[in-house]
Structure formats: structure tokens, C-alpha cells
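Right, one structure below, let's go through it.
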Amino acid sequence: MLYVSLFLKGIFLAGLVETRVAHAGDSDRLVVTASRIETPAEEIGSSLTVITGKELHRGQARTVGEALRALPGVSVVNSGGPGQLTRVYVRGAGSGHTLVLIDGVKANDPADISRSFDFGNLSTDHIERIEILRGPESVLYGSDSTGGVIQIFTKRGGGPLKSAIEGEYGRYRSYRTAASLSGGEHGFSYSLSGELAGTTGFSAADERLGNPEADGRVFSGFSGRFGMEPLEKLRADLSARYSYAKLDNDFSGGAGGDDPDFTTVEKKLALGLKVRSVRSLWWQPSIAAGYSLTRRVSESAPDPVQPGFFDHARYEGSRMRLELQNDLFVSDESAWTLLLEGEREAATARDDSSWGLIEFRDRAAAMGGLAVQYQYAADEGFFATASARLDRHSRAGTRATYRLAPGYRFGPQGLVLRGSLGSGFKAPSLFQLFGGVNGNPELRPETSVGFDLGAEMPLSGGGRVSIAVFNTFFDGLIVASGLTAPFRNSDETSSRGVEISSEGRVIPALTGGFSYTYTRARSDRTGLPLEKIPFHELSARLSHEFVAFSQPAEAMLQARYVGARLDFAGAMLQPYFLLGSSARMRLENWATGLSAFGRLENILDTEYQEVSGYGTAGRSLTLGLRQEF
């Protein structure tokens, strides 16, 4: 009955916006993450959302974590400001249950306690689009995708030479500069981008709780993508992304948490190479290789503010991966995909602090997978994807996973019904296997089974609204009952809820969008809600295009509500509401290609916390200029 009730509520809410919101849908939009083959979004049975580069540009989000906040089924939690630890939770799954890919390269940190990805320093610079796939997807991507997949595609080059430079400055002495260059001819393309940013910040431990010392950040990043055709109908793509961040940290959240000399240096690297042959219309093989590295070094010595605390930590995790994919297009309506992949992860950690010593050196694990997928789509009507996979992990044994994602489309621009059923698994992390007194080499993989049912309905004027209900079960979750207790497979959780989203044009010069998520995630062992997962999240925005001083301009108003949620130690965090705006205007009268932009965040100067005891930014104004050549 819960699902029926939630679904009917979603239909009622959708009806409220039908008379006002029309979505300029693009039926030719292609997505990759859901099936590993370019497929129209309307022929995907799984729940998937796309953020385009144009949307990132308009919204002026400077990190991927910020850009993800407005999406259905996604919760983002930041621990104390710019660059600080930022986790993403998809449909109530733990942060380690979401796989992050950058141009196909797995970027999750093998040295992290749960092999999670930290979004705190993942810039939106040089990103072409982001695809967010919700639900268990181990059948296509192996371990770590029991909750979902977030894939980031960097910008491709091509055509005449283009370049741009921009800079901005705002509250907390925050600055950012970025430059880009792209072009290509005769089968070769290139796209390059660099970024420098910094801020004096505010106290990560929350200034409102008596912590006056500000925690700053310095960031630099580079991203590049190159394409070439060494032979006719043979395409090679090389991508590289590197970032460096130096952060000021605090001892803890809450009163007395300041630490003036606690710093962390983080370096991340992702390299990817893919070669694909299109010599045949029915058989298109590809081979891809990827390498990722995450290194974190933290230092803190006893000082007058924290005389009893010290920390000397170094964590380094790397992953190498090789895959062979064969796409067989047996007819205009159906295709087979055969996938063979292998990867090796390695990690070294030494953390000597006042809490004790954690150390493991040169630990590694290998995994191989074999998957098969069948995809069918008629011109109109029924479409489906069926997949099966077998993985072998050197430390945790063999696991099989599956996925079935059917749907039905009523005409080219009609109602789309879709659903998916799939399973997933997550191999124990190297930290969980070997990390100090908590490590347990006998751990089993965590597993999940999930399903969703959804509808995408047309609205007046060509718009659409999407509704989905979901339920996911997790078994054998790895937990430690104390600081010195070993990790064990001892918890079971479940997460269910509803997602509603719409985006479109209200009047010719005004567009609008919203998303709402209800999530009920709890531990089946204790019956308590899961930490960090709000029961309700709602975001909305309005964007207006207009002419000012004979120049095209646009302005956007954004609102976000996050409901109550449980935090660590039983703390219940209060709901909060944020309001923000952004604007951009061409200045062609001054110089060709010149534009000005700005954003005002937390307009109401709301005081709130995303993690108990950790600070958040107040009202902040940022202004900038961009010059395109």
C-alpha cells in the first residue's frame, strides 16, 4: 500500500504543475551509462538523470557535489565548507555504494575505509555532462555500484580554435580563475582546461559554536581530452584529470573543535584510454584502460588550542583497470554486448595519531568480471535490457549479478512506463580487510537487490514529468561495533521511497523545474533511520531570459528544502531551507565574447548544519567576468 500511496501522491503533485510547466524535451538525447551503448533516454528502463554542461554553466555550481544537490534521489553532505569531506548518498545507500566514473575510469578511493569517493574537490570545470544512474548496477560495473553510478564526461574538442578565460571573487576572500582551449582538424581533436581557486573560508567546526579560526583552501586542477583516428574508422580517446588541494582542518565538530595547525594535502589523478573500431556496422569492439590515484597527507602537532592532539597520516590508493567490450548489432532493433574486464586495486596507509596507530602497507586485491547484455527497442512500444554477470574477487570469492529493465513507450512523444530489477555486490575494501585492529580478512561482499517502477508523462506544450517508486535491500553490510572491534558482516538495511521531477518552459522567457524525494531508509537490525538520509528533500528553480541594455541576459532563482535526518551519536538535525540566485549577462558592447556573471548564495542567511557540529556558509556574494575568444 505504501508504494500505491506514494505513486498516487506523485501523480497529484505532477498534476499541479501541468498547467504551468512545459518541458522542452529532446527525444534524440543519447545516454551511455545505463547500457554502455549510446541509447535514447526514452528507451532506458532504469532511473537516470543527466546534467548537461549548459546547465552547469547556468547554475554556476563550482563542484560536482553542489551540482548534484538538486537531483531526485540524491543527498549531498558536506562536513564544514569548501574542500572538506563531501559524501553523496543515492536512494539511501551508503556513500561507498555509489561508483564514480570519470570518462570511464573508476575514481573511488581504494584507501578509503569504505572505498567511497570524496566530492569535496571535484570541480565542474571542463565537464560536458554528468549521468546519474540510480539503483543496483553491478551487472555492468562490478563492485561499488550497489546503490548507483555517477559518470562524468569531460569536454571533447573539435572544429576551429576556441579559448576562454574567466575569474571571480566573493565573500570569505574566495577567488577562482580558469582558462580553456579546444579545437581540432584532420581527425585530431583536443580540449584543455586549467583552474586555480582559493578561500580563507570559515571554521569547519562551526563559528557559531565558539570556533573563531577560519579553515581555508587552495585548489588547482587540470583536465585534458584528446581524440585521434590513427586508422580509418578507428577512434582513440585519451583523457587526463589532475587536482591538488590543501585544506585547513579542525580537530572535530562542535564547541572546542578548532585546530589552527591541522592541514591536509590531497592529490587526485585519473587517466583513461579507449580505442574503438567502427569498421563494421554490426560488430564494434573497443578496448579501454584506466588508472586512478588518490593520495592524502594530514599533519597536526600539539598546540595551545589542542595540546593533547596530534596526527600524522598518509593514505594512498590506486586502481588499474582493463576492459574489452564487444557490441554486436544483430538488427535495427536489438544488440548484444559482451564485456570482459579485470582490475587491481592497491593501498598503503599509516595514520599515527593521539587515538592510536593504523597501518597497512602495499595491500592489494584483484577482480575479474564477465558480463553479457541483450538490448531490444522497437520504433514504438516495448523496449527492454537484460544482463547477467559473474565476478571473481581475489579476497572475497565469486559473485553473480543480474538486471532486467523493461519499458513501454506510447508513441514518439507519449507516455513512457519503465521499471528495473537488479542485484549488486560490493567487495570489502582494503581498509576493512587489513586496517589495523579493525581489519578482518574473512569478510564477505555486501549485496543488494532493488527494483523501481516509473512513468514519464507528457504535459501540455510538450513538457514531461517523471515519477518513480523504489525499494532496495542491502544485506551483509560491514560494520565495526567499536574502535578496537573487527569489522563484521552484521547489518541489513532497506530503503524505499518516491522521486518526482519536472523541468520545462512556463512562458517563452521563463523556465522552471523541481524535484522531490521521499526516502525511508532504516537498519533492519535496529529499526533506526540511517544516518545522513533526510526523509524529505525538495528543490525548485525558475530561470528568466531577458534583454538588458540591449544585451542578452538570464537570471535564476533556486530554492532547496532538506528535511530532518539522523546524524551520528543519535543527533537529529533540524530541517533547513536555502534560497539562492545567479545571473549572467553578455557585454558585447564592451568587447566581443565578454560576459559578466554573479551569484548570491544563502540569501536568507540561514543557520544550519549538514553534519552535527560542522559549519556552513552564510550569505555569500560572488561576481566574475568571462572572456571568450
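About the Cα centre of region 212-301, how large is the charge dipole given +1 on each Lys and Arg Cβ and -1 on each Asp and Glu Cβ? Please answer in debye to the nearest 20.
On the way: 13 positive and 12 negative charges, 220 e Å.
The calculated dipole for region 212-301 is roughly 1060 debye.
Restrict the search to region 492-560; then list the chymotrypsin sites (Phe, Trp or Tyr not before Pro) that DSSP places in a loop and that have at most 13 other Cβ atoms within 10 Å of their Cβ. It would help to have the intermediate numbers written out before the result.
On the way: sites: Phe514, Tyr516, Tyr518, Phe535, Phe546, Phe549; in loops: Phe535, Phe549.
In loop regions of region 492-560 (DSSP not H, G, I, E or B), the sparsely surrounded chymotrypsin sites (Phe, Trp or Tyr not before Pro) are Phe549.
What's the magnitude of the charge dipole for the chain around its Cα centre, counting Lys and Arg as +1 and Asp and Glu as -1 at the beta-carbon? Answer in Debye, nearest 20.
The calculation lands at about 680 debye.
For the chain, report the % of Cα-Cα distances exceeding 36 Å. Write out the running numbers ahead of the final one.
Numbers: 72549 of 197506 pairs.
When every Cα pair of the chain is considered, 37 percent fall beyond 36 Å.
Its Cα gyration tensor gives region 403-519 an equivalent ellipsoid, and the semi-axes of that ellipsoid, as √(5λ) in whole Å with the largest first, are 42, 17, 11.
The distance from the alpha carbon centre of region 143-197 to that of region 90-114 is 22 Å, rounded to a whole number.
With bins 10 Å wide beginning at 0, the percent of Cα pairs of region 555-629 falling in each bin runs 17, 33, 23, 16, 8, 2. Other residues whose C-beta falls under 12 angstrom from the C-beta of Ser239 contribute a net charge of +2, scoring Lys and Arg +1 and Asp and Glu -1. Taking N as the residue count of region 279-338, its C-alpha radius of gyration divided by 2.2 N^0.38 Å amounts to 2.37.
Filter the chymotrypsin sites (Phe, Trp or Tyr not before Pro) in region 580-620 to those in DSSP coil with at most 16 other Cβ atoms within 10 Å of their Cβ, and list the result.
On the way: sites: Trp590, Phe597, Tyr608, Tyr614; in loops: Trp590, Tyr608, Tyr614.
Hits after loop and neighbour filter: Trp590, Tyr608.
The convex hull around the C-alpha trace of region 219-314, projected and averaged over every direction, spans 8.9 square nanometres. Here's the list of lysines a cross-link from Lys267 could span, going by alpha-carbon distance under 22 Å and ignoring same-chain residues fewer than 8 apart: Lys106, Lys155, Lys246. In a DSSP loop and with at most 15 other Cβ atoms within 10 Å, there are no trypsin sites (Lys or Arg not before Pro) in region 311-408.
Values quoted throughout were computed directly from the atomic coordinates according to the rules given, and no laboratory measurement underlies them. Everything numeric here is computed off the predicted structure, so don't read it as measured data. All Cβ positions, even for glycine, are placed from backbone atoms using ideal geometry, and neighbour counts span all protein chains on display.
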